[in-house]
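The values are calculated or read from the model by the stated rules, or taken from the named source; none is laboratory data. This one's a predicted model, so the numbers in the text were calculated from it and none came from an experiment. Glycine also receives a Cβ, built like all others from the backbone with ideal geometry; neighbour counts cover every protein chain displayed. Ligands, DNA and RNA are excluded from the accessible area calculation, which covers all protein heavy atoms including side chains. Shrake-Rupley method; radii C 1.70, N 1.55, O 1.52, S 1.80 Å.
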Amino acid sequence: MQKTIETRYRSFAACCLLAFVCLLSGCASTSTKPIVDIDGKHVAGSVATLEQVTLGGVKQWILIRGRNASSPLVLKLHGGPGQAEMATVQFNNLLEQDFLIVEWDQRGAGKSADVPAAGLTMEQIVSDTIELSQYLLKRFNQDRLTLVGHSWGSAVGLQAVDHAPRLYRAFVSTGQMTSFSNATSAGYQALLEHAGRSSDKALEAEINALGEPPYVGPEGKSKRAKYVGLLEKYGSLWHAEPGFNPVRWMIAAEEYSWPEKLSFNRAAETSFEALLPDLLKLDMARLVPRVEVPVYFAVGRHDLLASPSLAFAYFSRLTAPKKEWIWFEKSAHFPQWEEPGEFHGLLMRVLRESGSAPG
């Protein structure tokens, strides 16, 4: 009996030691929920995998999910920079019915955080995007994929389709970034105007205390955080119900281990600071004046983080074989999550209009 107790104690102690070592070493999660039917049974032929690939000589993580391995590919480019999005996988439930959805934590972000800051440039992430697209097409024996770029990812994505148009069926933008500096100034002015129209003295005081952008230098980080906080508070970052709750999403996400969850914000901040020079000089009208693939701008009516007026000015000048502007009336900066049904419908229409699906 004593030996049995000692054996169990040693096993328990070994498990505790393993868990502690795992915590210290930053063990990565390799788990994602299986694709199941309405009865909770695994769907035969479905794909649900969380794995590493090498892009630009650096190991990076991708999440691939869909009911059928032969479904059309959709590669999503997250925002930020540095705001990896695997924790929002629950918003992809509808998309997974008809597409193979690929979430990618870009170098320096989320699960792919272990990258020297010197390797973080927009040019390199564009190159990684093209390399990942080629890998996915070859792996799943497809000739083109749909690229979805959100905010920072919209600027990366348009450059990718500009450089390698034959890889892409279409480009779908959400929260289109055109000029980071101009968008921040436009958002600041819009908040001031809102305070004036609504006689909101508290908001007016907060804005005046914050001061006008750009928010750079020693106080830039804290001022940017306060600015984004004001946008969120007044429904200009996330407008739909239920509310914007990235902390809850992250806690619930099995795709991230606890060490990865705890290091998420630090990685995001490091990425943002490293890529801020690229952001400050961003001018999409100059950088990508034309593309050779259809483009669809999905725009939240209430978005003040990425100014719709600036995005429309760029959209109007952009030359493409087909381009379409779609308002999402109940959304701000995240129409792909705030109105998932409408966004699914848009991607299905993109598929039909590309000749890749029956009408």
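Within segment 232-269, the residues that satisfy the criterion of being among the polar types (S, T, N, Q) and surrounded by fewer than 18 Cβ atoms within 10 Å (Cβ to Cβ) are Asn245, Asn265. Looking across segment 51-66, the residues that are in a strand (DSSP E or B), open to solvent by 30 Å² or more (accessible area, probe 1.4 Å) and either under 24 Å from Leu94 (Cβ atoms) or without any contact (Cβ under 8 Å) to a residue 24 or more places away in the chain (or both) come down to Glu51, Gln52, Thr54.
Gln83 meets all of the listed conditions (1) farther than 23 Å from Pro246 by Cα; (2) crowded, with 17+ Cβ neighbours inside 10 Å; (3) not charged (D, E, K, R) but one, namely (1).
Of all residues in segment 106-152, exactly one satisfies the criterion of being more than 17 Å from the chain's Cα centre (by Cα) and at positive phi, namely Asn141.
With respect to the stated conditions, Leu262 fails to be touching a residue at least 24 places away in the same chain (Cβ under 8 Å) and out of contact with any Cys (no Cβ under 8 Å at 6 or more places or on another chain). Looking only at segment 179-220, residues that are in contact (Cβ under 8 Å) with a residue 60 or more places away in the chain and under 21 Å from Trp238 (Cβ atoms) come to 6 in all. Just so you know, in segment 160-179 the residues that are surrounded by fewer than 22 Cβ atoms within 10 Å (Cβ to Cβ) and of a type outside the set (A, V, I, L, M) include one that is farthest from the chain's Cα centre (by Cα), and it is Arg166. Screening Leu347 on (1) over 13 Å from Gln176 (Cβ atoms); (2) open to solvent by less than 20 Å² (accessible area, probe 1.4 Å); (3) more than 18 Å from the chain's Cα centre (by Cα) shows it passes everything except condition (3).
The selection criterion, being within 23 Å of Glu338 (Cα to Cα) and surrounded by 20 or more Cβ atoms within 10 Å (Cβ to Cβ), does not hold for Gly229. From the list Ala48, Ala87, the lone residue that is assigned to a helix (DSSP H, G or I) and closer than 28 Å to Asp114 by Cα is Ala87. A single entry from Ala195, Ala170 fulfils the requirement of being touching a helix residue (DSSP H, G or I) at 6+ places or on another chain (Cβ under 7 Å) and at pLDDT below 95: Ala195.
Based on this model, can you work out whether Val293 counts as within 25 Å of Gln189 (Cβ to Cβ) and either touching a His at 6+ places or on another chain (Cβ under 7 Å) or not in a helix (DSSP H, G or I) (or both)? Criteria not met by Val293.
Checked against (1) within 22 Å of Ala28 (Cα to Cα); (2) open to solvent by 10 Å² or more (accessible area, probe 1.4 Å); (3) touching a strand residue (DSSP E or B) at 6+ places or on another chain (Cβ under 6 Å), Ala69 meets all criteria but (1). Does Gln106 meet the test of being open to solvent by 40 Å² or more (accessible area, probe 1.4 Å), touching a residue at least 12 places away in the same chain (Cβ under 8 Å) and either within 25 Å of Ser31 (Cβ to Cβ) or not hydrophobic (A, V, I, L, M, F, W, C) (or both)? So Gln106 fails the test.
Being touching an Asp or Glu at 6+ places or on another chain (Cβ under 8 Å) and surrounded by fewer than 21 Cβ atoms within 10 Å (Cβ to Cβ), is that true of even one residue in segment 133-156? Yes. Residues of segment 323-344 that are more than 15 Å from Glu96 (Cα to Cα), open to solvent by 10 Å² or more (accessible area, probe 1.4 Å) and touching a residue at least 60 places away in the same chain (Cβ under 8 Å): Lys330, Phe334, Glu338, Glu339. Would you check if Ala306 is assigned to a loop (DSSP other than H, G, I, E, B) and among the aliphatic types (A, V, I, L, M)? Yes, satisfied.
When segment 316-344 is limited to residues that are among the charged types (D, E, K, R) and more than 21 Å from the chain's Cα centre (by Cα), the one that is nearest to Gly300 (Cα to Cα) turns out to be Glu324.
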